[in-house]
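Colleague: Just dropping this structure here.
Laboratory data are not the source of any read-out in this text; all were calculated from the coordinates shown. Fair warning: this is a prediction, and the values are worked out from it, not measured in the lab. With ideal geometry, Cβ positions are generated from the backbone for all residues, glycine too; neighbour counts draw on all protein chains shown.
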Amino acid sequence: MTTIKQERVAVYPGSFDPVTYGHLDIIRRSARQYDRLIVAVLNNTSKNPLFSVEERKEMLAEVTQDIPNVEIDSFRDLLVRFMKSRQANVIIRGIRSVTDFEYELQLASTNHLLDDEIDTVFMMTNPKYSYLSSSIVKEIARFNGEVRELVPHSVEQRMKAKYKDPI
Ligand code: ADP
């Protein structure tokens, strides 16, 4: 009897506006655990992002080009439906704090309610990045502060270009 091994496909969804070293650390660590990892940018029209979905995808593609089993995509549908279309059944989320956990637990329970074949796997932040968020990075860059330790070089350059003309 031949058994066909099912590919283990996980999705790491988020805004990634822009991708930080905190996200990248979660991407690297979870890519090691699955056959394929799809990093999926949420196309959320109700938020007011700094970067377009295309720009966010480009930055993610640039900073993950050395990880062969990572793909970049975007979605605007329900996450569980997007996952079905990609034959994925694991959601990766990062946890930085108790506050993150409360929100993430609610999100995970809702997704489980919508589709009980989908599991959420939480990855604890690398303590080095436990304070790091895209909003903090944007706040620093907006006032021309140093973000070299927080985001990859290509992201830093793109942020500088966005904030070149003072608001
Ligand atoms: P969202 O707007 O969906 O929270 P983000 O792009 O801010 O999207 O974050 C995506 C995921 O990455 C979330 O699970 C978030 O908790 C996690 N994350 C963000 N920053 C970090 C970090 N510094 N360390 C670990 N996880 C993080």
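Colleague: If each DSSP helix of 4+ residues adds -39,500 (n - 2.57) and the sum is divided by the residues in the chain, what number results at 222 nm, nearest 500 deg cm²/dmol?
Modeller: Mean residue ellipticity at 222 nm (helix-derived): -11500 deg cm²/dmol.
Colleague: Can you tell me the relative contact order of the stretch 9-164? Whole percent, Cα pairs under 8 Å, sequence separation 6 or more.
Modeller: 29
Colleague: Turning to a different aspect of this structure: From Cα coordinates alone, what are the radius of gyration and Dmax values for the stretch 78-167 in angstrom?
Modeller: 17.1, 48
Colleague: Aspartates and glutamates near K162 by alpha-carbon distance under 16 Å, same-chain residues fewer than 8 away left out - which ones?
Modeller: Partners found: D17, E54, E55, E58, E139, E146.
Colleague: How far apart, in nanometres, would the label points at K160 and E146 be if each is projected 7 angstrom from Cα along the Cα-to-Cβ direction?
Modeller: Rounded to a tenth, the inter-label distance reads 1.4 nm.
Colleague: Let me ask something else about it. If we count every other residue with Cβ under 13 angstrom of V155's Cβ, Lys/Arg +1 and Asp/Glu -1, where does the sum land?
Modeller: +1
Colleague: While we're on this one: Charges on Cβ only, +1 for Lys and Arg, -1 for Asp and Glu, centred on the Cα centroid of the stretch 9-164; of V80, T64, L114, which one is farthest towards the dipole's positive end?
Modeller: T64
Colleague: Moving on. Looking at I4, Y103, S15, which one has the Cα that reaches farthest to the positive end of the dipole of the chain (charges on Cβ: Lys, Arg +1; Asp, Glu -1)?
Modeller: S15
Colleague: Convex hull over the alpha-carbon atoms of the stretch 18-167: what's its volume per residue in Å³?
Modeller: Dividing the Cα hull volume of the stretch 18-167 by its residue count gives 120 Å³.
Colleague: Can you compute the charge dipole magnitude of the chain about its Cα centre, using +1 on each Lys and Arg Cβ and -1 on each Asp and Glu Cβ, nothing else charged? Give it in debye, rounded to the nearest 20.
Modeller: 220
Colleague: Let me ask another. Regarding the stretch 1-104, what is the average projected area of its C-alpha convex hull, in nm²?
Modeller: 8.0
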